[in-house]
Structure formats: structure tokens, C-alpha cells
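Peer 1: Here it is, the structure, as C-alpha cells.
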Amino acid sequence: MEAVALHPFTATADDELSFKKGSVLKILSTFDDKNWYKAELNGKEGYVPHNYIEMCPHRWYVGKVSRTKAEEMLLRTEQPDGAFLVRNSESAPGEFSITVKFQDGVQHFKILRDGAGKYFLWVIKFNSINELVNHHRETTVSRSHDIYFKDMINPDLGPVGVQYVRATYDFSAEGIDELGFRTGDIIKVTQKVDESWWRGQLNGQEGMFPAVYVERLPDDQQRLL
């Protein structure tokens, strides 16, 4: 994921990363310390204070999702050709894969990275996965077919006033600001950050989760909660 710097920061240790206000950082890990995230900027890696940055979740990033689950999500009838998602690689921790729908099936692409930290699928290289994704909205991702990225459709987003949703898939929280849950859990939505990431509460915990993992409860069930 990416984050935008809210304030400038000057590193005071060798393992920290300096940045200016407005810098766009690649967030590599949020596991090591709840107050510090590992990030990358201009090919350099280091730790940054989490309260100096604002996370920028993308609707297409679904985190730790298996290849099989990704296929299931994209093969739903409402998803158009080109519907895609970016997920953590199952075979290579710390790396990413893209799954995209085409006709009656899906195709998988491993996101590669060179020594300078650039991301690529074929020849053209990008500073971030976000740039790569936007490029392939206009340029085919496949060498044998015309496949252009389109955002997934979620018919269950519902109106802004929806308060409760049901999990349709398991979601494993990867960062301290995320909310994990199991299929069937009922989650109270506290904020719709954007179309793809919401904030919710479950079992006394609160955090962010991808909206495509849930469906809204029918109105009659909403009134019972």
C-alpha cells in the first residue's frame, strides 16, 4: 500500500527514513512495531512514524487472498472482463500478484521488481504498483489478448446509511489498523473511507477492511441490531 506524508520527518537513526511533507511512500510492512512502519522512498528503505503519514488504501488491493479465492471473487457474474485485484503472493512473501478476469476465466500475473525498486510485468517499469495499475487501464496487460483493467463491481455496497454488514469471505488483518474476521461475522460499519475500504467494529476491535469482502444485511435484519 501507499501513504502520503502529513509532516516532514528527519531520520535520527540509520534504520529510519527521511521524507518531506507530501511525499508518497511505499509501505512495506506494518508488523514490526505499532508506532513505526517500514517504508520505501526513492529506492531507500527505513522505518517511519505512523502518525506522520496517512494510508491511501486502493479498492483493488485485497491483501492476503489465495489464488483460488481471488478466482472465486472475480468469476462472479456481475464482474466485467478486465475486473482485477492485487493480492499478496502466496509463493513469495513480500511480493504481489495480479489476478484479472477475462471471458470465462482469469489470468494471473506476478508483479516483478528490479534492483532499483521499480515494479513491472513486462518491459515498462513503474515507481509504484499504483502507477502500474493505472497504466494497464489504458494499455493491455496481456500480450495475447486485449485486457484492460477495470475496477471490481460490488453490488452489495448499499447506501451510505448502512450500519451492519456480513462477511462473505475470511479476511486476515495484516496491519495494526486492519480488522480481521471470518465468513459470516456481522460487522458494524463506523466509516466508509472510500468505495473499497471501510472501517468497522467486531468483538470490541476496530479497524479497516476491504468492502468487497462483505455484503450488507437486509433492512429487516438491520433493524434487529
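Peer 1: Shape call for the range 2-56 from the C-alpha gyration tensor, a ≥ b ≥ c root eigenvalues: rounded (a/c under 1.5), prolate (a/b greater than b/c) or oblate? Show your work: numbers first, answer last.
Peer 2: Working: a/c = 1.26, a/b = 1.07, b/c = 1.18.
Judged from the Cα gyration tensor, the range 2-56 comes out rounded (a/c under 1.5).
Peer 1: For the range 1-95, take every pair of Cα atoms, bin their distances at 5 Å starting from 0, and report each bin as a whole percent.
Peer 2: Whole-percent P(r) values from 0 Å outward: 3, 12, 21, 19, 14, 11, 10, 7, 3, 1, 0.
Peer 1: Helix-derived [θ] at 222 nm for the chain: sum -39500 (n - 2.57) over DSSP H runs of at least 4, divide by residue count, nearest 500?
Peer 2: Working: 3 runs with 22 residues, N = 225.
Computed mean residue ellipticity for the chain: -2500 deg cm²/dmol.
Peer 1: Residue by residue through the range 91-97, which ³J(HN,Hα) values in whole Hz follow from phi under the Karplus form 6.51 cos²θ - 1.76 cosθ + 1.60 (θ = phi - 60°), with glycine and proline marked x?
Peer 2: Karplus values, whole Hz, x for Gly and Pro: 8, 9, x, x, 10, 10, 10.
Peer 1: Sticking with this structure for a sec: Which residue, chosen from 86, 111, 75, occupies the Cα position most advanced towards the positive end of the dipole of the range 66-225, where the dipole is computed from +1 (Lys, Arg) and -1 (Asp, Glu) charges on Cβ about the Cα centre?
Peer 2: Working it through, the farthest residue towards the positive pole turns out to be 111.
Peer 1: Another question about this same structure. Given 99, 200, 212, which one lies farthest toward the positive end of the charge dipole of the chain, if we put +1 on the Cβ of every Lys and Arg and -1 on the Cβ of every Asp and Glu?
Peer 2: Positive-end residue among those listed: 99.
Peer 1: Across every pair of different alpha-carbon atoms, what Kirkwood hydrodynamic radius in Å does the chain reach?
Peer 2: Details: mean 1/r = 0.0535 Å⁻¹.
It works out to 18.7 Å.
Peer 1: Right, next: Would you work out if the range 61-138 is rounded, prolate or oblate? Take a ≥ b ≥ c from the square roots of the eigenvalues of the alpha-carbon gyration tensor; rounded if a/c is under 1.5, else prolate when a/b is larger than b/c, oblate otherwise. Write down the numbers at each step before the final one.
Peer 2: Numbers: a/c = 2.44, a/b = 1.48, b/c = 1.65.
Because a/c hits 1.5 or more and a/b fails to exceed b/c, the range 61-138 counts as oblate.
Peer 1: Another one. Given Cβ point charges of +1 (Lys, Arg) and -1 (Asp, Glu) and nothing else, what value in debye, to the nearest 20, does the dipole of the range 1-157 about its Cα centre take? Present the calculation step by step, with values, prior to reporting the outcome.
Peer 2: Values: 20 positive and 22 negative charges, 36 e Å.
With Lys and Arg at +1 and Asp and Glu at -1, about 180 debye.
Peer 1: Next question. Can you give the relative contact order of the range 10-148 as a percent, counting alpha carbon pairs under 8 Å and 6+ residues apart? Don't jump to the answer; show the numbers that get you there.
Peer 2: Details: 195 pairs, mean separation 17.2, N = 139.
About 12 percent, as a whole number.
Peer 1: Also, quick follow-up: When 52, 61 are ordered from fewest to most other Cβ atoms inside 10 Å of their Cβ, what list results? Walk me through the numbers on the way to the answer.
Peer 2: Working: 52 16, 61 21.
By the 10 Å Cβ count, ascending: 52, 61.
Peer 1: Still on this structure: Please sort 167-178, 80-91 by packing, taking for each peptide the average over its residues of neighbouring beta carbons within 10 angstrom, highest first. Intermediate results must be reported in sequence, preceding the final value.
Peer 2: Details: 167-178: 16.7, 80-91: 18.2.
Top of the packing list down: 80-91, 167-178.
Peer 1: Expected output is a single nm value to one decimal: the length gained when fully extending between residue 68 and residue 148, i.e. 0.36 nm times separation in residues minus the C-alpha distance. What is it? Let's see the in-between values first.
Peer 2: Numbers: separation 80, 0.36 × 80 = 28.80 nm, distance 2.16 nm.
Extra length available between residue 68 and residue 148 comes to 26.6 nm.
Coordinate-derived values only; no laboratory data. All figures in this text were calculated on a predicted structure; none of them were measured in a lab. Positions of Cβ are backbone-derived with ideal geometry, glycine not excepted, and every protein chain shown enters the neighbour counts.
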